[in-house]
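Below is one structure; the comments refer to it alone.
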Amino acid sequence: MTAPLTFLFMPESAYGPTNNCVGIGAELLKRGHRVVFAAEASWAGKLAPLGFEEDLVDLAPLPEGEAAEQTAGQFWKDYIDAIKPEFRKPTIEQLETVVAPIWQELIDGAKYCEPQLRDIIARVQPDVIIEDNVLCFPALVTAGKPFVRIVSCNPLEVPGADIAPVFSGLGEDEREAWAAFRTEYERTHRPMWHDFNDWVQSQGAPALPELEFIHTGAANLYVYPEALDYVDARPLDDTWTRLDSSVRETDEPFELPEQLRDGDGPLIYFSLGSLGSADVALVRSVLDALADGPYRVIVSKGPRHDEFELPANCWGAEFLPQTRILPLVDLVITHGGNNTTTEALHFGKPTVLLPLFWDQYDNAQRVHERGYGRRLSTYGFTADELRAAIDEQLGDAAYVEKVRAAGEAIRARDGLRRAADALERVATESRLE
């Protein structure tokens, strides 16, 4: 057994990256290691019950008089709720109105918490620092400790000439549109990147790669199934380790509600994630389409759970143990967040994807073009199109078997253990230097 080590995780504040780190961290705890989370402050009290130490950061000052306790991930829930009308625009138009402002919010947060991170690292004295985020925090790469980057968004985040540009949702057969998207990205992001790169270097960190906002590490992990991966078109060097999935094992047990146990209609799990589910009108449009079909539906209702009612064939709650539910269902309707996308395929479930922002377009497109789900127009689908996307997938036995077999192969690759092995290796090699 490896001697006890200290691992410091800094995940982005949303549920997806944090849950990914929770899964890997729990495996490290089982191996006798110390695991500390430098998560955003709204996660206070949510990680310690799982056995982790919490040494948290604020990404911005709290408004005067606001209580310190917040819902986990509230920083981004509030922000996304404010900009969600922009999600109806084409991805190339969202570069200026959604993507660039998100980068700027991230940058502002990084600058604000930089002194806090330096203090945390001094207190914790980690053997390895792990960041699951899209942005450089200079303190993490200047601490003199091995730095490991995790990509738990779509791996188009690591660019290449022969793959579609990140955030575009463009297909592998739409190369003629790639150049225009890259040109617009350059126009909307170059000045901000230049200023951030200057600040990063002023904090003692190396210069950033061209038009990228984060460095690579001593080791780099990314979460994406081989069946969907891009390495044939964009090979990665040997510092990169693919985790076909990273499915946490910390969720509470789940028993199918009595009202959904009877009946032979397909059992569907519907989730737009903690951020997407704030669009109540979109949630209602999906539920209205499902209410008229022969379906039984489990609904992850999200932060505005008290603002809409569920049809008679649906059951749901604000928070649900997703990893316990997915094995039970026949199909998943999702926003295309990387966690839900990879977890659905981990359990061999077909998907219908309704992307909203960021990497969700890329995940939805990749699942669609590789034949493991159906991407629909998020704000333009009809009830008939949604039901057809469900029925056509579940009605094709060969298709269902293809997706099931992919899930079996993914589970056999055991992403959680693979990630923990990689982190232990980094720490052990560093101690030997």
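General remarks:
- Plainly put, the chain has a radius of gyration that is 0.95 times its Kirkwood radius, both from alpha-carbon atoms, as the Rg/Rh ratio.
- Cα centroid separation, the range 173-206 to the range 325-380: 28 Å.
- Relative exposure of 411, 261, 375, judged by other C-beta atoms within 10 Å (fewest first): 261, 411, 375
- Full extension of the chain between residue 259 and residue 119 yields a length gain of 45.3 nm, computed as 0.36 nm times the residue separation minus the alpha carbon distance.
- Judged by the mean number of other Cβ atoms found within 10 Å, the most tightly packed of the peptides 44-51, 420-427 leads the ranking 420-427, 44-51.
- Largest-first principal axis extents, alpha carbons of the range 212-335, Å: 52, 29, 29
- Segments 281-293, 393-405 sorted - mean Cβ within 10 Å per residue, highest first: 281-293, 393-405
- Rounded to the nearest 10 degrees, the inclination of helix 74-83 to the longest alpha-carbon principal axis of the chain is 60 degrees.
- If you take all other residues with their beta carbon under 11 Å from the beta carbon of residue 123, and give Lys and Arg +1 and Asp and Glu -1, the sum is -2.
- Helical content of the chain, expressed as a calculated mean residue ellipticity at 222 nm, amounts to -12500 deg cm²/dmol (DSSP H runs of 4 or more residues, -39,500 (n - 2.57) each, divided by residue number, nearest 500).
- Long-range Cα-Cα pairs in the range 258-412 (distance over 18 Å), rounded percent: 53 percent
- Dimensionless Rg over Rh [the range 97-240; C-alpha; Kirkwood]: 0.98
- Relative packing of 117-127, 242-252, which averages over residues the other C-beta atoms within 10 Å, highest first: 242-252, 117-127
Since every read-out is calculated from the coordinates, none of them should be taken as a lab result. Quick caveat, the model's predicted, so the values are computed rather than measured. Every residue, glycine among them, receives a Cβ derived from its backbone with ideal geometry; neighbour counts consider all protein chains shown.
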